[in-house]
Amino acid sequence: MQHHTVHYVEYPSEVVVPTSETDGNGSVAIRSGVITGDALSVLGDLPSEFVRTVVTSPPYWSLRDYATLGQIGLEDDPDEYVSSLVRIFEEVRRVLTKDGSMWLNIGDSYTSGGRTWRAPDKKNPMRAMTTRPPTPKGLKPKELVGIPWRLAFALQEAGWYLRSDVIWRKPNAHPESVKDRPTRSHEYLFLLTKKERYYYDRTAVPEVNGRNMRSVWDIYTQPFPEAHFATFPPELVERCIKTTSQPGDVVLDPFLGSGTVAAVAIENQRAFLGIELNSEYVGLARRRTANLGSRFDRQVEEVG
Ligand SMILES: C[S@@+](CC[C@H](N)C(=O)[O-])C[C@H]1O[C@@H](n2cnc3c(N)ncnc32)[C@H](O)[C@@H]1O
């Protein structure tokens with residue numbers, strides 16, 4: 001059997017993970033690392049059933065141009081976008097342990113109302129779009145597309161268990177120059193699992209009075225200095241990682257961006273695998289995790 005893993009890894013800190021695809025002695029060495037490449041093809045080369053939990057945020061439909069060939073998010077039609085993501089998440093489901101889960105953060109979009117490009121704004125050059133999908137068939141200009149639920153239904157159909165929708169409420173949401181609808185100040189986070197039963201520690205993130213965690217999370221957005229795109233607030237990632245994985249487990253983010261999931265995984269004694277198409281962001285994520293890495297190495301030695 002082919003021994004995968006090692007040649008992808010650029011950033012080493014090794015952890016030994018039991019896996020069904022073994023090299024003879026019941027385990028395979030998975031190194032924490034950031035892999036440069038397209039999520040679908042990288043995932044296709046990974047062994048099955050070694051990731052305990054996934055925290056990820058794919059590019060939203062029609063929102064940003066990440067200026068990389070093969071990027072997700074610029075499909076002409078929301079259905080095409082959803083199908084591309086479903087294909088990627090099928091591979092994600094394969095690499096999950098039987099009791100594994102995925103936290104999927106996804107935002108919504110409006111149809112463009114006929115504009116096919118968007119000017120850069122002074123504060124955020126990443127908002128410029130050289131192409132913008134036209135208003136898709138079946139939708140009208142100015143409409144909310146409903147991307148999160150379209151994707152959630154498609155993932156259910158593909159075999160995922162949709163276990164929860166979480167509203168991430170952003171108390172510091174950007175103002176919008178709209179006068180005929182409420183300003184959007186939330187995004188969705190879906191908890192999806194591979195099977196009916198899965199690893200979930202309800203005590204990991206205690207609420208006041210020991211109550212069970214609620215489904216509306218108030219978390220301030222926090223820009224990461226060198227990234228010109230939206231990054232995860234570490235607090236949001238930490239909630240997810242602590243609830244659905246244990247120290248020593250592997251956490252995956254197939255759309256790593258600036259590496260928030262990698263940094264939070266390391267800080268919580270988890271191994272991580274990150275996949276990112278844009279090599280500039282890979283550099284960012286590696287710089288961000290480099291110092292944390294040595295700490296993680298020591299902790300792995302202690303655990304193992
Ligand atoms: C919304 S950002 C993720 C931000 C991340 N959560 C953070 O905290 O920095 C989405 C990322 O997906 C990357 N991306 C787009 N298409 C991809 C693909 N086909 N494979 C892997 N990464 C891709 C983009 O370059 C971008 O960095």
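Count the net charge of all other residues whose Cβ sits under 13 Å from the Cβ of K98, scoring Lys and Arg as +1 and Asp and Glu as -1.
+3
Apply the Karplus curve 6.51 cos²θ - 1.76 cosθ + 1.60, θ = phi - 60°, to the phi angles in the range 271-283 and return the couplings in whole Hz, x for Gly and Pro.
Per-residue couplings from phi come out as 7, 9, 10, x, 10, 8, 6, 8, 5, 4, 5, 4, x Hz.
Test of understanding: what is the full-extension gain from L69 to R169, defined as 0.36 nm times their sequence separation minus their Cα-Cα distance?
Contour length minus Cα-Cα distance gives 32.8 nm.
Among the listed pairs K137/K170; K170/K194; K140/K179, give every one whose C-alpha distance is greater than 26 Å.
K137/K170; K170/K194
Which whole-number percent is the relative contact order of the range 37-270 (Cα, under 8 Å, 6+ apart)?
23 percent
Please give, to one decimal in nm, the separation of the simple spin-label points placed at S215 and A154, each 7 Å out from Cα toward the Cβ.
Calculated label separation equals 2.3 nm.
Name the residue from S177, S215, N105 whose Cα lies farthest towards the positive end of the charge dipole of the range 37-270, charges +1 on Cβ of Lys and Arg and -1 on Cβ of Asp and Glu.
So the residue we want is S177.
Set Lys and Arg Cβ to +1 and Asp and Glu Cβ to -1, take the dipole of the range 37-270 about its Cα centre, and tell me which of T243, L139, V82 lies farthest positive.
With unit charges placed on the Cβ atoms, the residue in question is L139.
Fewest Cβ neighbours within 10 Å first, please rank V92, V208, V216, V82 accordingly.
In order of increasing Cβ crowding within 10 Å: V208, V216, V82, V92.
Using a 7 Å offset from Cα along Cα-Cβ at E143, what residues in the range 75-91 end up with backbone N under 15 Å from the label point?
Once the point is set 7 Å along Cα→Cβ of E143, 77-80 turn out to lie under 15 Å by backbone N, inside the range 75-91.
Taking amide H atoms as placed 1.01 Å from N in the peptide plane, list the residues 5 or more away in sequence, or in a different chain, whose amide H sits under 5 Å from that of F272.
S32, G33, V251
Which whole number of Å³ per residue matches the convex hull of the alpha-carbon atoms in the range 37-270?
Roughly 134 Å³ of hull volume per residue.
Taking loop as defined by DSSP and a crowding limit of 11 other beta carbons within 10 Å, which chymotrypsin sites (Phe, Trp or Tyr not before Pro) in the range 46-111 fit?
Listed in order of number, the matching sites amount to none.
What dipole magnitude, in Debye to the nearest 20, does the range 37-270 give about its Cα centre under +1 on Lys/Arg Cβ and -1 on Asp/Glu Cβ?
Around 620 debye, computed over the range 37-270.
None of the figures in this text is laboratory data; all of them are computed from the coordinates on show. Note that the structure is predicted; figures quoted are calculated from it, not measured. So basically every Cβ, Gly included, is an ideal-geometry build from the backbone, and we count neighbours across all protein chains shown.
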